Structures are given as structure tokens and as C-alpha cells.
Amino acid sequence: MLNIEQGFGKLENMSLRKAKLLISNFLKDNCMLAFRYSFFFFAFFLLNSCENDLEEIKNVATSDELKYETMKMVELLYSDSAIIRVKVLGNKMLRYLDVNTPRQEFPEGIKVDFFDLSGRIQSELTAKYALRFEKKNEIIVKDSVVWESKKMEMLETEELIWDEKLNKVYTKKFVKITRPGEIIYGYGFEANQDFTRWEINAITGRIKVDGLADDLEE
């Protein structure tokens, strides 16, 4: 096959008709060669791109699989001076392996028992959903949150935050406190971890249960 220098070097000694024929054949041959090489590089690029995409999808799928681990029938214990003070129970826990925000999720609800120094249950907390942030040492419980104590006191709200560092429980949501002879409504609630001391920040109403019962009887 002629290269460009050889082709144009021979044009000097050729007739115009032969020269045109030679150039035509040269372009035809070289165009076919260029087409073959172009197709080869296109096919290589396409196959290489597909391979990279498949590898990327594989890595993403692997990453999703490792995003969290599932645990059944979970029990978490919190102790103080070797004495168990809090026990957390959950039918299902998702432990997220995110390095920046490690957390545990209880999508099927949670039950928390609070103990006194003698190991007796002082109160119980239940909710349909909970999320614990490891680095913040904070648990957020939501949806039908109910806390009940041995003193016949009951708190009902939609969200409650438990700060493990400060040993306190609080919320800014609407709350309802029911205790012997009285029902209290308000916004904002704060208590110590075992709920032996608590207060409502903004009381909106009180109902004397005994008086209401007397009115109904009349």
C-alpha cells in the first residue's frame, strides 16, 4: 500500500488520468483502513465503558448491602456502678454502619424499663418507633409515646428525646399527664432519667378527675 509521500512523489511522472486513478485508489484504501481503526476504537470504548458501569453498579450494590445490619430481639442494658438502671428492648434493630453518623433504628417499636438502685422497675416507656444516635448519646422515640410510673402517673405524647449524657428526658411537643385525681395538658416536658422528678413547661389546662366523676354522677 502506498503512503502519502510515495504517492505524491510518483505523480510527477504520470499523466493526469493515471494520477487521478492512483489518488482515488489511495483514498479508497486509506478510508477503509481509517474506518476499520475508528470502528475498533469505538467498540473498545463502548466495551470498556460498559465494564466500568457494571463495576460501579456492583460497588454500589455492595455498599448498599453493607449499609446496615439487622438484629432481632435486641436487649440493651445501661448500668451505673455495676447496677442496671435502664433496659431497652426491641423486636428489630437496624444498626447503620455510617462512620459519620452511626445509629440504631427500631422500626417496630421500643420498650424501656427504668430501675431504681434496688433493681426494681420504677417506670416503663413504650413507643412505636425509636432512633438512637451513638455519637450524640441520644435516643428519639416517636409515635404513640407512653410513659407510666409506679406512682400511677402516665405521660402521653408524640415525641420524646432522651439525653443519655445529661440523664434527662424532654420534649417540646404537646403532652398529656394523667395522675390520680388530675389530668394536665401542656407543651414542653422535662424530667430526670428515671422520671422521679418532672415538670410541664407550658400548662394549657387541668382537669380534676374526681370532680368530673362527681358531676357525671349527678
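The values are calculated or read from the model by the stated rules, or taken from the named source; none is laboratory data. This structure is a prediction, so every number in the text was calculated from the model and none was measured. Glycine gets a Cβ as well: all are built from the backbone with ideal geometry, and neighbour counts include every protein chain shown.
Against the condition without any contact (Cβ under 8 Å) to a residue 40 or more places away in the chain, farther than 30 Å from S81 by Cβ, in contact with a Gly (Cβ under 7 Å, 6 or more places away or on another chain) and buried (at least 18 other Cβ atoms within 10 Å of the Cβ), how does V175 come out, does it pass? So V175 passes the test.
Output the residue which, of all residues in segment 58-83 that are among the small types (G, A, S) and outside any loop (DSSP other than H, G, I, E, B), is modelled with the highest pLDDT. Here the residue is S79.
A single entry from T196, T171 fulfils the requirement of being of a type in the set (V, I, T) and in a loop (DSSP other than H, G, I, E, B): T196. Just a yes or no: is a residue in segment 204-214 polar (S, T, N, Q), exposed (fewer than 15 other Cβ atoms within 10 Å of the Cβ), touching a strand residue (DSSP E or B) at 6+ places or on another chain (Cβ under 6 Å) and assigned by TED's automatic domain parsing to the domain that holds D80? Yes. When the strands (runs of 3 or more DSSP E) confined to segment 97-153 are screened for residues that are surrounded by fewer than 17 Cβ atoms within 10 Å (Cβ to Cβ) and of a type in the set (F, W, Y), those reaching at least 1 such residues are found at 129-133. Selection of segment 120-170 for residues being free of Cβ contacts under 8 Å to residues at least 40 places away in the same chain, touching a Ser or Thr at 6+ places or on another chain (Cβ under 7 Å) and of a type in the set (G, A, S) yields only A127.
Look at N167 and say whether it is assigned by TED's automatic domain parsing to the domain that holds I110, over 21 Å from the mean Cα position of the chain (by Cα) and surrounded by fewer than 16 Cβ atoms within 10 Å (Cβ to Cβ). The answer is yes for N167. The numbered conditions (1) modelled with pLDDT under 90; (2) under 32 Å from the mean Cα position of the chain (by Cα) are all true for R197 except (2).
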